[in-house]
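Visitor: Shown below is the structure under consideration.
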Amino acid sequence: MSSQSESFDVAVVGGGPIGLACAWKAEERGARVVVIDAGEPGAWHVAAGMLAPTSEVDFGEHAQLQLGLESARRYEAFCDALEEPGYRRVGTLCVARDRDEAEALDRLAEFRRGLGLPVERLRPSQARRLEPALAPTVRLALDIASDHSVDPRMLVAALRRKVTHIWDAARATALKVEGDRVTGVITPEGTVLADQVVVATGVDSARLGMPDAARVPVRPVKGQVLRLRDPAGPGLVERTIRGADAYFVPRGDGRYVLGATMEERGWDVQPTAGGVYELLRDLSELVPGIFELEIEELIAGLRPATPDNLPAIGPGTLDGLVWATGHFRNGILLTPVTADLVAGVLAGESLPDWAQPANPQRFAGVTA
Ligand code: GLY
C-alpha cells in the first residue's frame, strides 16, 4: 500500500490491540479503514494481560473502575468473536505478605465491597488450599474470581486476522492538517488520505506531529517484566497472584509473566538489574517456587500516561481527529470498550455519559 492515491474513510495510526480493535469495529459498521503500523510493538508486547478492574481499583479511582468494568463485561463476547485470543477465565488472588499489607488489603476489600464488587476475604489456610504454592507466611488474601486475563500477543495476532487493510512497517510522522481539519496521515513513504484519523499509538502519540493545541498530553511510564517458564509444565499457580508491588500471571501452559516496575525515566526501555531484583524479591515472598522457573525473556515497555491517568477516547479538538490513547496501566483491559466507543464516535455518535471522564477535550489547552 502506498502514497497519495490511497484514500479511506478512516485511518488508524497504531497497530496494537486498541488500534486494531478500533479498526475492526469501524469496519463492522461499514467504514473503509486502514491501520498504519510502524512495526515496533508497543506496551502491549510487554503487558501481562490482566483484566483486573476490581483488583486494580484504588481509592478515588471511580472513573477508571467504571471504564474497566464496562470493558471487562464486554471481554468474553469480544474474544468469542476472535480466533484464539488467549483469554483465560481464571480469577485473581490479591495477597498480603505482612501485617501492614494485610491491613491495607482489608481497607481495600471494604472499599471494593462498598462499591458492590465481588471480593472474598480468605484466611491464609483458605488461600493456600486454592493455591498451594503460596508462601506459608502470607497473612491474608482476597479472592477476586471475576478478574481474568488474556495473552496480549495472541490477542494482537487474532485482531490482525479481523482487519482488512494493514499498512505494516509504515511510520506515521505527522497528521495532515488543513485548516481545522485532519485530512490524513503523513509517512516517509507517502500520505494516506482519510476523512477521519484515529490516533492509537500509545506513548508514541507524544511524538506524532500535529498542532500543539490539538495534542493530548501523554508521558512514558516504564514497566519491566520477566517472562518465565516452568520446565515441569503448568501447575505452580492457576490464578493471577497480585502482591502490593508485583504480579504473577499464569498463561496456563507453564509460562508466567512477572511484572512490573513503575518508573518515570522518560523514553528509556533498558531492563535493569535493580528492576529484576525487586520483581523477584517481591514475588518470591508470595510464591517461593518462582526461583525454579527459567527466564524466557526480560523486557521493558512504556505505558502511556495522561496527567489524570485516565485514557483519552473520543473526538479531539480538530475535525476528523479521534483519540484512543493514554490507557496507562489498562490498555489491554480497556481495548473492547475503547473500540466500541471509537467506532460509535466515527459513526457520528456522542460519548455516553459514563465515558465522559475519558473525553479528550478535557486536555484542550493543556501541554505535556
Ligand atoms: N496493569 C499492569 C501494569 O501496568 O503493570
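Visitor: Below 13 angstrom from the Cβ of residue 241, what's the summed charge of the other residues (Lys, Arg +1; Asp, Glu -1)?
Guide: Numbers: positive: 97, 128, 239, 242; negative: 131, 143, 147, 238, 245, 282, 285.
Overall, the nearby charge balance is -3.
Visitor: Then there's this: When the convex hull of the C-alpha atoms of region 150-204 is computed, what volume per residue in Å³ does it have? Don't skip to the answer; put the middle values down first.
Guide: Working: hull volume 6.4 nm³, N = 55.
About 116 Å³ per residue, rounded to a whole number.
Visitor: Take the alpha-carbon positions of region 219-368, form their convex hull, and give its projected area averaged over all directions (one quarter of the hull surface) in nm².
Guide: Quarter of the Cα hull surface area: 10.6 nm².
Visitor: Within a 10 angstrom radius of the beta carbon, how do 165, 45, 62, 327 rank from fewest other beta carbons to most? Can you show the working numbers first?
Guide: On the way: 165 17, 45 14, 62 11, 327 31.
By the 10 Å Cβ count, ascending: 62, 45, 165, 327.
Visitor: Calculate, axis by axis, the spread of Cα positions in region 16-113 along the three principal axes, and write the results as whole Å, longest axis first.
Guide: The principal-axis extents, from largest down, are 55, 27, 25 Å.
Visitor: While we're on this one: May I ask you to sort 265, 281 by Cβ crowding, counting other Cβ atoms within 10 Å and putting the fewest first? Please report the intermediate quantities before stating the final value.
Guide: Working: 265 14, 281 11.
Going from sparsest to densest Cβ surroundings: 281, 265.
Visitor: Using only alpha carbon pairs under 8 Å that are at least six residues apart, calculate the relative contact order of region 268-366 and give it in whole percent.
Guide: Across region 268-366, relative contact order equals 24 percent.
Visitor: Ok, one more. For region 169-248, what does the relative contact order come out to in percent, with C-alpha contacts under 8 Å and a separation of six or more? Don't jump to the answer; show the numbers that get you there.
Guide: Values: 77 pairs, mean separation 14.8, N = 80.
Across region 169-248, relative contact order equals 18 percent.
Visitor: Another one. Please report 106, 143, 100, 212 as a ranked list, fewest other C-beta atoms within 10 angstrom at the top and most at the bottom. Before the final figure, lay out each step's value.
Guide: Working: 106 15, 143 20, 100 11, 212 8.
The most exposed by this proxy come first: 212, 100, 106, 143.
Visitor: Return the sequence-ordered ³J(HN,Hα) values of region 276-288 in whole Hz as given by the Karplus equation 6.51 cos²θ - 1.76 cosθ + 1.60 applied to θ = phi - 60°, using x for Gly and Pro.
Guide: For region 276-288, the Karplus-derived couplings read 5, 4, 4, 5, 5, 4, 5, 6, 5, 6, 9, 10, x Hz, x marking Gly and Pro.
Visitor: In the chain, with Lys and Arg counted as +1 and Asp and Glu as -1 at Cβ, which of these residues, 257, 156, 93, has the Cα nearest the positive end of the dipole, that is, farthest along it?
Guide: 93
Visitor: Ok, one more. Compute for region 282-368: radius of gyration divided by Kirkwood radius, i.e. Rg/Rh, restricted to C-alpha atoms, rounded to two decimals. Show your work: numbers first, answer last.
Guide: Values: Rg = 18.0 Å, Rh = 15.3 Å.
On the Cα set of region 282-368, Rg over Rh gives 1.17.
Visitor: If r is the Cβ-Cβ distance from residue 361 to residue 100 and R0 is 35 Å, what FRET efficiency results, to the nearest 0.05? Let's see the in-between values first.
Guide: On the way: r = 41 Å, r/R0 = 1.18.
Working from the Cβ atoms, E equals 0.25.
Visitor: Find the relative contact order for the chain and round it to a whole percent, using C-alpha pairs within less than 8 Å whose residues are 6+ positions apart. Display every interim value, and only then the final one.
Guide: Numbers: 878 pairs, mean separation 89.2, N = 368.
In percent, rounded to a whole number, it is 24.
Visitor: Which percent of Cα pairs goes in each bin when the distances of region 104-248 are cut into 10 angstrom slices starting at zero?
Guide: The distribution over region 104-248 is 8, 24, 23, 19, 18, 8, 1, given as percents.
Visitor: May I ask for the Kirkwood hydrodynamic radius of the chain, worked out over all distinct Cα pairs and given in angstroms to one decimal? Present the calculation step by step, with values, prior to reporting the outcome.
Guide: Details: mean 1/r = 0.0476 Å⁻¹.
The answer is 21.0 Å.
Visitor: Could you compute the net charge surrounding residue 220? Neighbours are other residues with a C-beta less than 11 Å from the C-beta of residue 220; K and R count +1, D and E count -1.
Guide: Values: positive: 207, 219, 222, 265, 303; negative: 204, 263, 264, 268.
Here the count lands on +1.
Visitor: Sorted by packing (mean other beta-carbon atoms within 10 Å per residue), highest first, where do 223-234, 333-344 land?
Guide: Values: 223-234: 17.9, 333-344: 26.2.
Result, highest mean first: 333-344, 223-234.
Bear in mind that the values in this text are calculations on the coordinates, not laboratory data. Computed from a predicted model, the values in this text were never measured in an experiment. Neighbour counts run over all protein chains shown; Cβ positions are idealised from the backbone, glycine included.
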